[in-house]
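Structure first, commentary second.
The values are calculated or read from the model by the stated rules, or taken from the named source; none is laboratory data. Since this is a predicted model, take the numbers as computed values, not measurements. All Cβ positions, even for glycine, are placed from backbone atoms using ideal geometry, and neighbour counts span all protein chains on display. In case anyone asks, the SASA skips ligands and DNA or RNA and just uses the protein heavy atoms, side chains included. Shrake-Rupley method; radii C 1.70, N 1.55, O 1.52, S 1.80 Å.
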Amino acid sequence: MNRIETRFQLLRSRGEKALVGFLSAGDPSVSRSLEIIRAMCDAGLDILELGVPFSDPTADGPVIQRSSARALAGGVSLHTVLDMIAALRKDIEIPIIVFTYYNPVFVYGARRFYEDAVRAGADGVLVVDLPPEESDEMTGQWPENALCLIRLIAPTTPEDRIRQVAGSASGFIYMVSKTGVTGSSGLDAGMVAERVNRVRSATSLPLCVGFGVSTPEDVAAIATVADGVVVGSAFERIIEENIENRDLSKLMAETVRSLKAQTRTAQPAH
Amino acid sequence: MTCPENDLFPDAKGHYGVYGGRYVAETLMPALLELERAYKTIAQTPQFASELGVLLRDYAGRPTPLFYAQRLSERLNGARIFLKREDLTHTGAHKINNTLGQALLSQKMGKKKLIAETGAGQHGVATATCAALFGMQCRIFMGREDIRRQAPNVLRMKLLGAEVISVDSGTGTLKDAMNEALRYWVDSVQDTFYVIGSVAGPHPYPLMVRDFQRIIGVEARAQILEKTGKLPNRLIACVGGGSNAMGLFHPFLDDPVEMIGVEAAGRGIETGFHAATLGAGSVGILHGSKSYVLQDQNGQIQEAHSISAGLDYPGVGPEHALLKDSGRVRYVSATDEQAMEAFGMLCRMEGIIPALESAHALAFAVSEAPRSSKDHVFLVNLSGRGDKDLGHVSEIIDQTNTPLSR
C-alpha cells in the first residue's frame, strides 16, 4: 500500500478528513520553505502538495503567481523541488505530491522525472495542464506505477468525461470547486456537495476538493462531504504577508491546527 | 519539394507530428471539445462559408490586391517583389480574416462575450471590431508594455466599445496577455468565446486560425498566376505566432515554391534579446500546445525581445514547428535594425507604411532580392499597415537620430 492509501485509511479509522496543503516549493527560500513544511506537518497536515514554480502559471491566481515568482527568483527548479522532497523524507511520513505544470517535467524528461521523484520519496504527481488526452506521452515512459497520477475534475467536466478522467487517475481525485483560477473567492458548498456525490458514483478513489477554500468555515463545509480539503492560496497569503516575520513557521502551524480541527467533525468509521 | 501529406495535419487529437495538442487544465478541456465540435459541424458548412464570404468581401474589403512593388524591385535590381496587401483590409491587418470567422462561429454557438489577447493591438482591434459588428461584449487583454508601444490601437479598441485590460505580470507583453486571457477564460468559459489571434494555443485553434487565414494564400496564388503566368519562386512572411505566414503558405504547400518565415532577431540572436523561437528555441509546451519555445534549461519560459510587439512572443504555432523539422519552410530572422531599414525603404520607395511586423518579412526580401535573378518572383505578405507603430517609430528615430529620409 502506498503512503496515500495508508493515510486515507488512517483518516477513515479516526473519523477524519484529509487536510491537504499546497505550497510553492522554495518560497520564500528553500531553507525557510523546508522549515515551514516541517512545522505544518508537526501541526497535523495530512498531505503535502509541493508546487514546482513555473514562469507562466495560467491556472493560478495572483497569490500563487507571486509565490511562484518569488521561488523562481530564488533559483528554484524541478531539480530543487526533488531535492527538497528527499530532504523532507528523512523526517516526514505524510504523502508528498509534486504539483506542476507540464513543461518543467517535459524538459526534465518524463522517465528521469519518474525515477528521481520515486527515489526522492514523492508519492504522486499532479500535472495541471496534462489532461488524459495528452498524458500517455508522460506515463508511457514510466517503468512502473510507484507514482500516483492525481487528476483534476472541474465543475465543467461532463458526466461521461468524469469516468474517463477518474478511470486513469490514482491516489485521489482533485476536484476543482469552481471555475476560475486558484485563490478566487465564492465557494458554493451546496454545489460542491452535489458534485462530490456525482463523482462518487464514478470512482472509489478519495475525493479532495480545492480552489477557493481558505477559512475554517470553508474547510468544515467541505469536510462534511469530501474525503479531503485542499488549501493553497490561503497558506501562500500568510507567507507573503509575513516574509520578514521570524514566527512565520509558527503562524503556519497555528493555521494548520485551526483548519485541521475542522476536519475532525465526522464520526469515526467502523 | 512538394509535400502532399500536409493535408493530413493535424490528426484527430490536434497533433502536428509531435507538436500541437491540448495541454490545458481540465476546466478548459470541455470548452475546447465543444469548440472543436462546433468548428466541425458549423464552420465547415457551405452556409457558414457563404456568410463568412460576404463579410470578408463587403466588410473586410477582400480580396486584397497583389501589388507589384516596381520601384523597390528596380532599386534592388534583382527579383521582382510582389506585396500581398493585407494592410488594406478593414482594421489594417490580416487579423480580421480570423476574427470574423471566430466571431461568426461564436454567434452560432450562442456565446455572448468575446475575449482576446493582443500584442501589437491589431488582433485586439479586429476582435473589438467584430464584437461591435455583432453586438457582443468584448474584453481585450494587453500587456502594459504593449499598451505603451501601441497607444493608437488602445484608443481604437476603446472607441469600438471594448474594455482593454492592462496586464502587468511578467514582461507585460503578448505572452502575459495570453496567460491572463486564459485565466479569465477559465472563470467565464460558460458564456465567453476566446478569440485566439494566432495559429498557437490548444487544438483546435491552430487549425481554425490557419483555415480562416488560408484565404491570404488562396487569393495570392490565383493573383500571382494571373499577373506573372507562373508560381512565385519564394513566399516570404514574418512569423511571431505565425498566423499570416501560415495563411499565405498553406495553399502553396504542395507547389514547388520556396517558403521563408522571418522571425524577429531583435538586437541580434547572439545577444539573447530576440524572438527567434524556431531559430534559437527548443521544444516545449506553452499556452496549451507543444512547439518550439524560448526557455531555459529548467523549462521556464524566457522573455522575447523585438521592436515589433506582434512578434514579441516566445512561442510559435505548432504547424510551423512541423514545417521547420520537415524542412518544407525555411525560418530565418531579421534584426530590429534591418526591419527599421526595410520599413523606411518601403515608405519612401512605394508610399506604403508597413507594420513593423511586416517590415521583418520585407527586410529579408530586400537583402535577398539583389542576389536573385530578375526573372525570379518574391511574394511578400504585407500583413499589416504601420499607422499603429508611428509613436514607437518616432521614439526610435529620436533615440537613434535616424534621418527621416535619405
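Within the range A:55-69, how many residues turn out to be out of contact with any helix residue (DSSP H, G or I) (no Cβ under 6 Å at 6 or more places or on another chain), open to solvent by less than 10 Å² (accessible area, probe 1.4 Å) and more than 19 Å from A:I243 (Cα to Cα)?
Number satisfying all stated conditions: 1.
Would you check if there is a residue in the range A:184-200 being part of a loop (DSSP other than H, G, I, E, B), within 14 Å of chain B (Cβ to nearest Cβ) and touching a residue at least 40 places away in the same chain (Cβ under 8 Å)?
yes
For the range B:185-217, which residues satisfy the criterion of being more than 11 Å from chain A (Cβ to nearest Cβ), touching a strand residue (DSSP E or B) at 6+ places or on another chain (Cβ under 8 Å) and hydrophobic (A, V, I, L, M, F, W, C)?
The answer is B:F193, B:V195, B:I196, B:A200, B:I216.
Can you say whether B:T271 is modelled with pLDDT of 95 or more and within 14 Å of another protein chain (Cβ to nearest Cβ), as far as the supplied structure shows?
Here the answer is no, as B:T271 does not meet what is asked.
Mind checking which pairs have a first residue in the range A:70-84 that is within 11 Å of another protein chain (Cβ to nearest Cβ) and buried (at least 22 other Cβ atoms within 10 Å of the Cβ) and a second that is of a type outside the set (S, T, Y) and in a helix (DSSP H, G or I), Cβ under 8 Å, 6 or more apart or different chains?
Final answer for the pair search is A:V76/A:V30; A:S77/A:P104; A:L78/A:P104; A:L78/A:V105; A:L78/A:F113.
Looking at B:L174, B:L182, which one is closer than 20 Å to B:I285 by Cα, in contact with a His (Cβ under 8 Å, 6 or more places away or on another chain) and within 14 Å of chain A (Cβ to nearest Cβ)?
Within the list B:L174, B:L182, the selection yields B:L182.
Right, B:L382: buried (at least 24 other Cβ atoms within 10 Å of the Cβ) and at negative phi or not?
yes
Looking only at the range A:134-155, which residues are among the β-branched types (V, I, T) and in a loop (DSSP other than H, G, I, E, B)?
A:I150, the sole residue that qualifies.
Looking only at the range B:277-320, how many residues end up being among the small types (G, A, S), open to solvent by 10 Å² or more (accessible area, probe 1.4 Å) and within 14 Å of chain A (Cβ to nearest Cβ)?
Qualifying residue count, the range B:277-320: 3.
Against the conditions (1) at the interface with chain B (Cβ under 10 Å from one of its Cβ atoms); (2) farther than 20 Å from A:L78 by Cα; (3) modelled with pLDDT of 95 or more, where does A:A166 fall short? Just the number, please.
Here A:A166 clears every test but (1).
Within the bounds of the range A:126-133, is there any residue that is part of a helix (DSSP H, G or I), at pLDDT 95 or above, under 24 Å from B:S282 (Cβ atoms) and not polar (S, T, N, Q)?
yes
Going through A:A166, A:A146, A:A117, A:A122 one at a time, which residue ends up being over 20 Å from A:G61 (Cβ atoms), among the small types (G, A, S), within 18 Å of the chain's Cα centre (by Cα) and open to solvent by 10 Å² or more (accessible area, probe 1.4 Å)?
Step by step, each of A:A166, A:A146, A:A117, A:A122 is checked, and only A:A146 is over 20 Å from A:G61 (Cβ atoms), among the small types (G, A, S), within 18 Å of the chain's Cα centre (by Cα) and open to solvent by 10 Å² or more (accessible area, probe 1.4 Å).
Since A:I64 meets every condition but one in (1) assigned to a helix (DSSP H, G or I); (2) under 29 Å from A:Q141 (Cβ atoms); (3) without any contact (Cβ under 8 Å) to a residue 60 or more places away in the chain, which condition does it not meet?
(3)
Can you spot a residue in the range B:218-225 that is in contact (Cβ under 8 Å) with a residue 40 or more places away in the chain, closer than 20 Å to B:L83 by Cβ and open to solvent by less than 10 Å² (accessible area, probe 1.4 Å)?
Taking every residue of the range B:218-225 in turn, at least one turns out to be in contact (Cβ under 8 Å) with a residue 40 or more places away in the chain, closer than 20 Å to B:L83 by Cβ and open to solvent by less than 10 Å² (accessible area, probe 1.4 Å).
B:D176 passes all but one of (1) touching a residue at least 60 places away in the same chain (Cβ under 8 Å); (2) in contact with a Ser or Thr (Cβ under 8 Å, 6 or more places away or on another chain); which number fails?
The failed condition is (1).
Scan the range A:179-186 and give yes if some residue there is modelled with pLDDT under 95 and open to solvent by 40 Å² or more (accessible area, probe 1.4 Å), otherwise no.
There is at least one residue in the range A:179-186 that is modelled with pLDDT under 95 and open to solvent by 40 Å² or more (accessible area, probe 1.4 Å).
Select, from B:L35, B:L52, the only residue that is within 13 Å of chain A (Cβ to nearest Cβ) and at pLDDT 95 or above.
B:L35
Find the strands (runs of 3 or more DSSP E) located wholly in the range B:230-303 whose residues include 3 or more that are closer than 14 Å to B:Y331 by Cα, and list them.
Numbers: elements: B:234-238, B:258-266, B:282-286, B:289-293.
Filter on the range B:230-303 gives B:234-238, B:258-266.
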